[in-house]
Amino acid sequence: MMRKLTMGRRSLLALAVATTAAVTLVPTASATRHGLPEVVTAKAQNLFPEGIAWDPVRGGFLVTSISEGTISVVRPDGGVRRFAAHPRMVQTFGVHVDTVRDRVLVAFGDMGSGRRSTPETTWKSSGIGIFSLSTGRLLHLVDLAIGPGRHAANDLAIDRAGSAYVTDPASDTLYRVDPHGRPSVLVRDPKLGSAGIGMNGIVWHPKGFLLSTRYDTGALLRVPLNDPSRITEVRTDQPLFGGDGLDLRPDGTLAVVTNSFGGNGKPAVSVLRANRDWTEARAVHRVDPWVDSQPSTIARTPHGSYVLDGRMGVWLDGKGNADRFTLRKL
């Protein structure tokens, strides 16, 4: 069970949430100048982060690692230190902060390219780690290698009640993990499966549905939580091939990061605006190509949204080392 927070810690976290929400709704140039630089160049040897989240307690970022399977803190000045790890987390992917419940949730798996990958864990180790935001202490390690076939959890979204929805691009299943760390299958459907990389980035919409990219086909999927089997494809003005990280923004638009790690995607960031029910959407802003060549995902901060380029292609191609990575404001 999560340790009971002291009243002081509760007040601190509540203040962080309120401040984040208020500033995010009305971002200003001066806030960025005094809070975060336009570009954060983080210095870490061969970390190769895939996921990113804003940490309102430390005033920095949390990033994952496809090489080390860790979570690290990135300061605005580019300094990096380890926040949490566990031996079963061979590779870490999407990470999200649940400030209200003092939690950090991270998707982990093994796609065979981690420093500690083995035949026993490749496409078999899959789940989410849940850690205390205050201390980095492990609260739950949730196994999501449920059912036959390959598994490697990739991204997750958190609803208002604290349930997490976890994608597995190697399988045809979308999982739900309740606030107590208990897993279940939300939906299993061929629309989610792929011989390569299928359902990938995901966000929860407060109107009661999930939005998720299919990396291989470029589809944007809509999953209603009151009937998860009724999966539909959002009509878009062009496919989102290589769709990876998502950010549902305060103005109702959706930022989508695409890349070319697999398939025919391009390194770009698109901002989509949809109709009321998210049955169709079109791009109202697009940066194509993105300034950095290997973007993976995006995180919203009190000072704007930042896109992560973790230099993952260097690691995946086995072509060398990287001693830094980039977080750039959209």
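The values are calculated or read from the model by the stated rules, or taken from the named source; none is laboratory data. This structure is a prediction, so every number in the text was calculated from the model and none was measured. Counting neighbours? That spans all protein chains shown, and the Cβs are built from the backbone with ideal geometry, glycine included. Accessible surface areas use protein heavy atoms only, side chains included; no ligands, DNA or RNA. Shrake-Rupley method; radii C 1.70, N 1.55, O 1.52, S 1.80 Å.
Put simply, the C-alpha atoms of region 124-211 give a gyration tensor, and the ellipsoid matching it has half-axes of 21, 16, 11 Å, longest first. Projecting the Cα positions of HIS151, GLN45, PHE61 onto the charge dipole of region 39-162 (unit charges on Cβ atoms of Lys, Arg, Asp and Glu, taken about the Cα centre) puts GLN45 furthest along the positive direction.
Taken about its Cα centre, the chain carries a charge dipole of about 840 debye when Lys and Arg each add +1 at the Cβ and Asp and Glu each add -1 at the Cβ. Between the listed residues LEU139, HIS205, VAL287, the Cα displaced farthest toward the positive end of the dipole of the chain, a dipole computed from Cβ unit charges relative to the Cα centre, is found at LEU139.
Only Lys, Arg, Asp and Glu count, each charged at its Cβ (+1, +1, -1, -1), so figure out the dipole size of region 113-223 about its Cα centre, rounded to 20 debye.
Details: 13 positive and 9 negative charges, 27 e Å.
In total the dipole reaches around 120 debye.
Just flag the GluC sites (Glu not before Pro) in region 41-149 sitting in loop per DSSP whose Cβ has no more than 16 other Cβ atoms within 10 Å. Spell out each step's value before the answer.
Working: sites: GLU50, GLU68, GLU120; in loops: GLU50, GLU68, GLU120.
Passing sites in region 41-149 are GLU120.
Could you please state how large a percent of the accessible area of region 102-186 is carbon and sulfur, counting protein chains only and using a 1.4 Å probe?
Numbers: 1580 of 2940 Å².
In region 102-186, the share of accessible area belonging to carbon and sulfur is 54 percent.
Solvent-accessible area of region 206-250 (1.4 angstrom probe, protein heavy atoms only): carbon and sulfur portion equals 46 percent. In the neighborhood of THR173, defined by Cβ-to-Cβ distances under 9 Å, what is the net charge if each Lys or Arg adds +1 and each Asp or Glu adds -1? Neighbourhood net charge equals -2. Of the labelled figures (i) 20.0; (ii) 19.5; (iii) 23.6, only one reflects Kirkwood radius over Cα pairs in Å as derived from the coordinates, namely (ii). Think of region 144-283 as a dipole: +1 on every Lys or Arg Cβ, -1 on every Asp or Glu Cβ, centred on the Cα centre; then among LEU240, GLY196, ALA161, ALA161 lies furthest on the positive end.
When the distances between all Cα atoms of region 73-165 are binned every 5 Å from zero, what whole-number percent does each bin get? Result, from short to long distances: 3, 14, 22, 23, 19, 12, 6, 1, 0 percent. Counting only other residues whose beta carbon sits under 12 Å from that of GLY245, what net charge do I get with K and R as +1, D and E as -1? In short, -4.
Checking every one of the trypsin sites (Lys or Arg not before Pro) in region 159-238 against DSSP loop status and a limit of 12 other Cβ atoms within 10 Å picks out ARG160, LYS207, ARG230.
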